[in-house]
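Here the structure comes first, spelled out in structure tokens, and everything after it is commentary.
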Amino acid sequence: MNPIISIIVPSYNKELYISETIYSVINQTYAHWELLIIDDVSTDGTNDVVNTIKQTDSRIIFHVNDVNSGANFSRNYGLKKAKGKFIVFLDADDILGQTCLEERLKHIENTHLDFAVFTMQVFLKSIGDSASIWKPNAKNPLQEFLKHHLSWQTMQPIWRKEFLINLGGFNENFSRMQDVELHTRALLVKDVLFKQVGNVPDCYYRIDENRIELNAYEFMNRWIDSALMYAKCFESLDLKHRKYLIGTIYEVFLQAIYRLKISSITSKEFDELENKLLHTQFHLSKWKLVLFSASKFYNLKLPRIPGINKVMKQLLYLS
């Protein structure tokens, strides 16, 4: 019997966590799945861990890329090889709740839905040590994604495979915001059918305290490249939607200011990032540039007042 659900896991140097991820799939109450782990040429012991567990369960399929090609390439490779009717993407350090697949299938299997989205909880070292929950309940998720108010994360949807293939999978040019771009594109499909399920969390996103960004400047550079690419991808939207793209630019700008404030980037590096973000590709009116300058002054120099950045963002949408 072919699997009904394919879980696709891109992996790279996740030796510490990947066994917990795999066992969260093995221990599902629903059994008709396949687990495709696509390794991006790990240099730690990830492959040894996977190969050992793989011997205990024939539903696990393991592939190692020829060269390091990125998580999006790995996800798309998994999508091409998947035999299931439905797809769930899972990162190699995250966890599925034990009834996740069973419950998700109940909401999508005998419907015409293209995808359904479920609730996720964040954790640090063990499930339950954080109160942060991502509940998909946005009235207008397309608008929220354009604003960079992220309505859901990569592992929260279950997709109909045919819909994902027609969508073209992940855009492999994105080094960050790849899930944001995919979800935005999905929401723009004419007559797309989806459902948000605000239930108890059925999946768990790990905040890895050991994952320290050693080069914040390069990190921000990649983020800005992706934000500008994202804005470029959707600049042809009607004005009603296009005006919200400035929200993504503003959120990335705030992240750069924060890293300057905590001294993880220098003033010179911030100036380079600011110029790239605001003056090279994403052309802003003089009034918007004034608002960005005012925001920089406020966030760097003045005491924080709750709601000010939200007001700034609303002004950017109007100007």
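List of remarks:
- Residue under evaluation Glu144, criteria (1) outside any strand (DSSP E or B); (2) assigned by TED's automatic domain parsing to the domain that holds Lys85; (3) touching a residue at least 40 places away in the same chain (Cβ under 8 Å), criterion not met: (3)
- Being out of contact with any strand residue (DSSP E or B) (no Cβ under 8 Å at 6 or more places or on another chain), over 23 Å from Met120 (Cα atoms) and part of a helix (DSSP H, G or I) is a condition met by at least one residue of the range 166-178.
- When the test is whether a residue is over 16 Å from the mean Cα position of the chain (by Cα), of a type in the set (Lys, Arg), assigned to a helix (DSSP H, G or I) and surrounded by fewer than 18 Cβ atoms within 10 Å (Cβ to Cβ), Lys125 does not pass it.
- Check on Asp225, surrounded by 12 or more Cβ atoms within 10 Å (Cβ to Cβ) and of a type in the set (D, E, K, R): yes
- Filter result (surrounded by fewer than 20 Cβ atoms within 10 Å (Cβ to Cβ) and in a strand (DSSP E or B)) within the range 93-122: Val122
- Qualifying residue in the range 273-290 (condition: hydroxyl-bearing (Ser, Thr, Tyr), more than 21 Å from Ala216 (Cβ to Cβ) and surrounded by fewer than 17 Cβ atoms within 10 Å (Cβ to Cβ)): yes
- Test result for Lys125, free of Cβ contacts under 8 Å to residues at least 40 places away in the same chain and among the basic types (Lys, Arg): no
- Lone qualifier among Asn65, Asn2 - being surrounded by fewer than 20 Cβ atoms within 10 Å (Cβ to Cβ), modelled with pLDDT under 95 and out of contact with any strand residue (DSSP E or B) (no Cβ under 6 Å at 6 or more places or on another chain): Asn2
- Residues satisfying the stated conditions in the range 29-55, i.e. part of a loop (DSSP other than H, G, I, E, B) and either outside the structural domain of Ile18 (by TED's automatic domain parsing) or free of Cβ contacts under 8 Å to residues at least 12 places away in the same chain (or both): Ala31, Gln55
- Screening Pro201 against (1) in a loop (DSSP other than H, G, I, E, B); (2) surrounded by fewer than 16 Cβ atoms within 10 Å (Cβ to Cβ) leaves a single unmet condition, (2).
- For the range 74-92, the condition holds for at least one residue, the condition being that it is touching a residue at least 40 places away in the same chain (Cβ under 8 Å), of a type in the set (Asp, Glu) and either in a helix (DSSP H, G or I) or under 29 Å from Asn199 (Cβ atoms) (or both).
- You will find that of Arg259, Arg242, Arg222, the residue that is closer than 30 Å to Ser130 by Cα, of a type in the set (Lys, Arg) and out of contact with any helix residue (DSSP H, G or I) (no Cβ under 6 Å at 6 or more places or on another chain) is Arg222 and no other.
- A search for C-beta distances below 7 Å between a residue of the range 249-267 that is within 22 Å of Cys233 (Cα to Cα) and any residue that is part of a helix (DSSP H, G or I) and among the polar types (S, T, N, Q), counting only pairs 6+ apart in sequence or on different chains, returns Leu254/Asn299; Leu254/Asn309.
The values are calculated or read from the model by the stated rules, or taken from the named source; none is laboratory data. Computed from a prediction, not measured in an experiment: that's the story for all the values here. Ideal geometry is used to build each Cβ from the backbone, glycine not excepted, and the neighbour counts take in all protein chains shown.
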